[in-house]
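The values are calculated or read from the model by the stated rules, or taken from the named source; none is laboratory data. Values in this document were obtained by computation on a predicted structure and should not be read as measured data. Here Cβ is always computed from backbone atoms with ideal geometry, including for glycine, and neighbour counts include all displayed protein chains.
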Amino acid sequence: MLKNHMKQYISEQNGDGISIFKEEKEYIEKNKLAEAIQFDVKEPNVRFIDAYIERCDKLSENIIRNESSVFLTQPLDYLKKHKNEFIYLESQWFDLIDVEAVSLEFDDVFGTYDVMLGLKLQKKFDISLKDNLNTHLHGDEAKFDLMFSLDDGLWNLNFALNYVEGFQEDITIGEAYQSIYHFLFKLVEAVEENMK
């Protein structure tokens, strides 16, 4: 799981230093996965600079346009203004935490920014996943949908970004994806710890 992915990431780095983000650095130090290594902590706004990004039509799921990381500087309410669209993003960083890809859209019925993804964890993690989602999604309406697909061996997870701690609507799409990543990283870490 996460620990194995982090060990592999460390082994693939050259030299005495690792260029990494805050979440990974804290995890490596906490789990003592690397000694005598210097960390160059990257700014969070460059995490998805090489991500694969699509703007898609909600009804047809057809691609409207492939986007560069510059699109991530758009305000999050872009999705509220373009209710017919959703954003699909793939990144090596999501691969690191066993997340296939992350879609983000505005739900005009509930007025929330909905996150949809596939999580590559075994079915046996269901209780831990549900407990952690219930604990870490905040608000009276905090809900999530979690269903295991036997066909592809993935957890299909949907939740409202609005209920992630620290959410603010006046952020960029890139900052929203950073928040999603942080939330999912901590979720996967907590599930792993619960299974020890």
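So is Leu89 in contact (Cβ under 8 Å) with a residue 60 or more places away in the chain, assigned by TED's automatic domain parsing to the domain that holds Ala160, surrounded by 15 or more Cβ atoms within 10 Å (Cβ to Cβ) and in a helix (DSSP H, G or I) or not?
no
Sort out which residues of region 3-23 are assigned to a loop (DSSP other than H, G, I, E, B) and either at pLDDT 90 or above or surrounded by 13 or more Cβ atoms within 10 Å (Cβ to Cβ) (or both), and write them in order of number.
Result: Gln13, Phe21.
Name the single residue that is modelled with the lowest pLDDT among those in region 137-153 being closer than 20 Å to Leu76 by Cβ and of a type outside the set (D, E, K, R).
Per the criteria, the residue is Ala142.
Using beta carbons and a limit of 7 Å, which pairs, at least six apart or on different chains, have the first residue in region 108-126 and farther than 25 Å from Glu192 by Cα and the second one not in a strand (DSSP E or B)?
Asp108/Lys83; Thr112/Asn162; Tyr113/Leu76; Tyr113/Leu79; Tyr113/Leu161; Tyr113/Asn162; Tyr113/Ala176
State whether the residues of region 170-184 include one that is among the acidic types (Asp, Glu), under 20 Å from Ala101 (Cα atoms), modelled with pLDDT of 90 or more and in the same structural domain as Asp77 (by TED's automatic domain parsing).
Yes, region 170-184 has at least one match.
May I ask you to say which residue of Asn162, Asn156 is closer than 21 Å to Tyr78 by Cβ and either surrounded by fewer than 19 Cβ atoms within 10 Å (Cβ to Cβ) or assigned by TED's automatic domain parsing to the domain that holds Tyr78 (or both)?
Asn162
If we only count strands (runs of 3 or more DSSP E) wholly inside region 29-75, which ones have 3 or more residues that are modelled with pLDDT under 95?
So the answer is 38-41.
So, of the residues in region 51-76 that are in contact with a helix residue (DSSP H, G or I) (Cβ under 7 Å, 6 or more places away or on another chain) and of a type outside the set (A, V, I, L, M, F, W, C), which turns out to be surrounded by the fewest Cβ atoms within 10 Å (Cβ to Cβ)?
Looking at residues that are in contact with a helix residue (DSSP H, G or I) (Cβ under 7 Å, 6 or more places away or on another chain) and of a type outside the set (A, V, I, L, M, F, W, C), I get Thr73.
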